[in-house]
1. Identify, please: which residue in region 155-208 is of a type in the set (Phe, Trp, Tyr) and touching a Ser or Thr at 6+ places or on another chain (Cβ under 9 Å) and is, among those, nearest to Asp220 (Cα to Cα)?
2. Are there any pairs with C-beta distances below 9 angstrom linking a residue in region 250-267 that is without any contact (Cβ under 8 Å) to a residue 24 or more places away in the chain to a residue that is β-branched (Val, Ile, Thr) and in a helix (DSSP H, G or I), with the two at least 6 apart or on different chains, and if so which?
3. Answer yes if at least one residue in region 136-148 is part of a helix (DSSP H, G or I), modelled with pLDDT under 95 and open to solvent by 20 Å² or more (accessible area, probe 1.4 Å), and no otherwise.
4. Going through region 107-122 one residue at a time, which ones are assigned to a helix (DSSP H, G or I) and open to solvent by 50 Å² or more (accessible area, probe 1.4 Å)?
5. Would you say Ala55 is in contact (Cβ under 8 Å) with a residue 12 or more places away in the chain, out of contact with any strand residue (DSSP E or B) (no Cβ under 7 Å at 6 or more places or on another chain), under 25 Å from Thr262 (Cβ atoms) and among the hydrophobic types (A, V, I, L, M, F, W, C)?
6. In region 149-198, what residues are exposed (fewer than 13 other Cβ atoms within 10 Å of the Cβ), of a type outside the set (Gly, Ala, Ser) and in a helix (DSSP H, G or I)?
7. Please give the number of the condition Asp44 fails out of (1) more than 15 Å from Ile257 (Cβ to Cβ); (2) open to solvent by 40 Å² or more (accessible area, probe 1.4 Å).
8. Select from region 221-275 the residues that are of a type in the set (A, V, I, L, M) and over 23 Å from Ile22 (Cα atoms) and list them in ascending order.
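The values are calculated or read from the model by the stated rules, or taken from the named source; none is laboratory data. Computed from a predicted model, the values in this text were never measured in an experiment. When we count neighbours, we look across all protein chains shown, and the Cβ atoms used for this are built from the backbone with ideal geometry, even at glycine. Areas reflect the complete protein model, heavy atoms only, side chains present, ligands, DNA and RNA absent. Shrake-Rupley method; radii C 1.70, N 1.55, O 1.52, S 1.80 Å.
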Amino acid sequence: MPQWFLIPALVLYVIVVVYPSIAGGLYAFTDWRGGNAATFTGMDNFRKLLADQAAVASLRNTLVIAVTLTIVQSGLGLLLALALNSAIRARNLLRTLFFAPMMMPPVIVGLLWQYVYTPDGPLDTAMNALGLSGLVQSWLGNSSVALWSVIASVIWHHVGMSMVIFLAGLQGIPDELYEAASIDGATKLRQFFAITWPLLGQAITIATALTMTSSLKLFDQVFIMTGGGPGVSTQTLSLIMYREAFVYGEYGYGSAIALVLTMIVAFIVFIQMSITRRGEVDA
């Protein structure tokens, strides 16, 4: 039977994904510090999490990152897709250039932007050349702007993904709809809101869901660029989970943070997809 060929992949999936997920959920209710010894502590880890001011700040930062990236990255991706879906010259080259950062590992992107933000680095040099020297500052050392500096690097890295999703959606809209609207005298703006926006519903759902999920779990670039500092101004739940588990050896507490993060991701993405799916229209 062909179904038997699924067994090796299914066994591997259970070992690599299902078992660790269940074990992590169970360890969240223990004081496990590695090894085999683990004592059930009930909700102690979660009470500790609520009382941890660094964890609360990390949650706030995580939500700010998620909301900002979902709105700004999706908006820029849509604008780029609309521009590059037209018959402009070199549009294929431009599509490649905007998508190219997606091919870079997050660690490399973090190191690259860490260099861009260094004092007297490329960004400061460019701003001085443009007469904006008054805006030059310690981009990653100032707690007021460090988080936004990290967010800017993430947008640069992932906006190509949103652009490609919206491009696929735009190319699935029949040209006949725009031709009929032009004959009826509809302006480009009217065509966008009457045709393009409704028929991009599925692309919007996919793009925003992927952006929301990845931003809620953001770790690599924050770890490389700031390490969560200065103070806790750029610390995320993923970063504090890593530190508690793998730096301090508090695997039970780290598992509790991971479980809370998983629940937050699932809840927010469920709500977001429920809202965006209401506007989906089949072409």
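1. Phe166
2. Listed pairs, sorted by first residue: Gly254/Ile240.
3. No, region 136-148 contains no residue that is part of a helix (DSSP H, G or I), modelled with pLDDT under 95 and open to solvent by 20 Å² or more (accessible area, probe 1.4 Å).
4. First pass over region 107-122, keeping only residues assigned to a helix (DSSP H, G or I): 107-116, 122.
Passing the criteria: Val107, Ile108, Leu111, Leu112, Gln114, Tyr115, Pro122.
5. Considered against the rule, which asks whether it is in contact (Cβ under 8 Å) with a residue 12 or more places away in the chain, out of contact with any strand residue (DSSP E or B) (no Cβ under 7 Å at 6 or more places or on another chain), under 25 Å from Thr262 (Cβ atoms) and among the hydrophobic types (A, V, I, L, M, F, W, C), Ala55 comes out as yes.
6. Hits for region 149-198 are Gln171, Asp175, Glu176, Glu179, Ile183, Lys188, Leu189, Arg190, Phe193.
7. Among (1) more than 15 Å from Ile257 (Cβ to Cβ); (2) open to solvent by 40 Å² or more (accessible area, probe 1.4 Å), Asp44 violates only (1).
8. Within region 221-275, Val222, Ile224, Met225, Val232, Ile271, Met273, Ile275 qualify.
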